[in-house]
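Colleague: One structure, pasted below without further comment.
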Amino acid sequence: MNKTVKYYPAGSLEDYYVQMGRAVQIEGHEIAVFRTTSGELYALDNRSPHPKGGPLAEGMVSGHFVYDPLYDWKIDLRDGFVQAPDHGEVRTHQVLIEEGTVSIGMSSGHEQGIGTSL
């Protein structure tokens with residue numbers, strides 16, 4: 001089965017501060033977008049994989065990881081996997097930057113996120 005990824009505009013690059021997350025709404029989904037110190041953007045569903053949930057966009061970014069702001073779970077921004085000793089996964093989305101405009105790729109299935117260098 002082929003999965004088609006459709007890209008939606010999500011603001012300009014200047015809208016995303018280094019080591020911070022920002023929540024954006026795309027097609028009824030809340031997406032958390034993070035910018036790392038190495039100049040990459042990553043997009044994940046804005047929902048913690050912890051059983052009690054919670055937003056991720058307010059988490060702290062360190063390297064290629066975000067720390068869940070409520071439960072301190074360490075989540076890899078590149079693939080969405082929670083690091084041991086905890087376990088779980090957050091759906092990731094592709095990020096595209098063209099001429100300073102950020103677009104987020106959405107598909108109906110699970111896609112691996114791709115950080116985009118600036």
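The values are calculated or read from the model by the stated rules, or taken from the named source; none is laboratory data. Everything quoted here is computed from the prediction, not taken from an experiment. Cβ atoms come from the backbone with ideal geometry, glycine included; neighbour counts cover every protein chain shown. Protein only, heavy atoms only, side chains kept; ligands, DNA and RNA dropped before computing areas. Shrake-Rupley method; radii C 1.70, N 1.55, O 1.52, S 1.80 Å.
Colleague: Within the set of other residues whose C-beta is less than 12 Å from the C-beta of Val61, count the net charge using Lys and Arg as +1 and Asp and Glu as -1. Can you show the working numbers first?
Modeller: Details: positive: Arg22, Arg35, Lys74; negative: Glu40, Glu58, Asp68, Asp76.
Local net charge: -1.
Colleague: Same structure again: Ignoring ligands, DNA and RNA, please state the percent of accessible area on the chain from carbon and sulfur, probe 1.4 Å.
Modeller: Working: 3150 of 6450 Å².
Its accessible area is 49 percent carbon and sulfur atoms.
Colleague: Let me ask another. Taking the structure as given and computing Rg and Dmax of the Cα atoms in Å, which label from (i) 13.1, 40; (ii) 12.8, 37; (iii) 16.5, 58 fits?
Modeller: (i)
Colleague: Karplus couplings for the stretch 14-24 from phi (6.51 cos²θ - 1.76 cosθ + 1.60, θ = phi - 60°), rounded to Hz, Gly and Pro as x?
Modeller: 5, 6, 10, 8, 4, 6, 10, x, 9, 8, 10
Colleague: In nanometres, what is the gap between the two model label sites at Glu58 and Ser107, each 7 Å from Cα along Cα-to-Cβ?
Modeller: 3.2
Colleague: Once the other residues with Cβ under 11 Å from the Cβ of Asn46 are scored (Lys, Arg +1; Asp, Glu -1), what is the net sum?
Modeller: On the way: positive: Arg22, Arg47, Arg91; negative: Glu30, Asp45, Glu58.
Net charge around Asn46: 0.
Colleague: Each label point is 7 Å from the Cα along the Cα-to-Cβ direction; what then is the distance between the points at Asp72 and Lys3, in nm?
Modeller: Reported label-point gap for Asp72 and Lys3 is 3.3 nm.
Colleague: Who wins for biggest fluctuation among Asp15, Asp68, Asp45 in a Gaussian network model of the chain, springs between alpha carbons below 10 Å?
Modeller: Asp15
Colleague: Under a Cβ-Cβ cut-off of 12 Å, what is the net charge of the residues other than Leu13 that fall near it, where Lys and Arg count +1 and Asp and Glu count -1? Present the calculation step by step, with values, prior to reporting the outcome.
Modeller: On the way: positive: Arg22, Arg35; negative: Glu14, Asp15, Glu40, Glu98, Glu99.
In short, -3.
Colleague: Turning to a different aspect of this structure: With only Lys, Arg, Asp and Glu charged, each at its Cβ (+1 for the first two, -1 for the last two), find how big the charge dipole of the chain is about the Cα centre; round to the nearest 20 debye. It would help to have the intermediate numbers written out before the result.
Modeller: On the way: 9 positive and 16 negative charges, 37 e Å.
With Lys and Arg at +1 and Asp and Glu at -1, about 180 debye.
Colleague: Taking H placed 1.01 Å from N in the peptide plane, check which residues at least 5 places from Phe81 or on another chain put their amide H under 5 Å from its amide H.
Modeller: The answer is Asp76, Val90.
Colleague: Quick check: pseudo-label points 7 Å beyond the Cα along Cα→Cβ at Glu98 and Glu27, how many nm apart are they?
Modeller: 1.7
Colleague: Quick one: which residues, 5 or more positions from Met60 or on another chain, have an amide H under 5 Å from its amide H? H modelled 1.01 Å from N in the peptide plane, none for Pro or chain starts.
Modeller: Residues meeting the amide H criterion: Tyr67.
Colleague: For a quick check of understanding: with a 1.4 angstrom probe and all protein chains in place, what accessible area in square angstrom does Thr36 have, to the nearest ten?
Modeller: Probe radius 1.4 Å; accessible area of Thr36 about 0 Å².
Colleague: Using θ = phi - 60° and the Karplus form 6.51 cos²θ - 1.76 cosθ + 1.60, what ³J(HN,Hα) does each residue of the stretch 81-88 get, whole Hz, x for Gly and Pro?
Modeller: Whole-Hz 3J(HN,Hα) from phi for the stretch 81-88: 7, 6, 8, 4, x, 7, 8, x.
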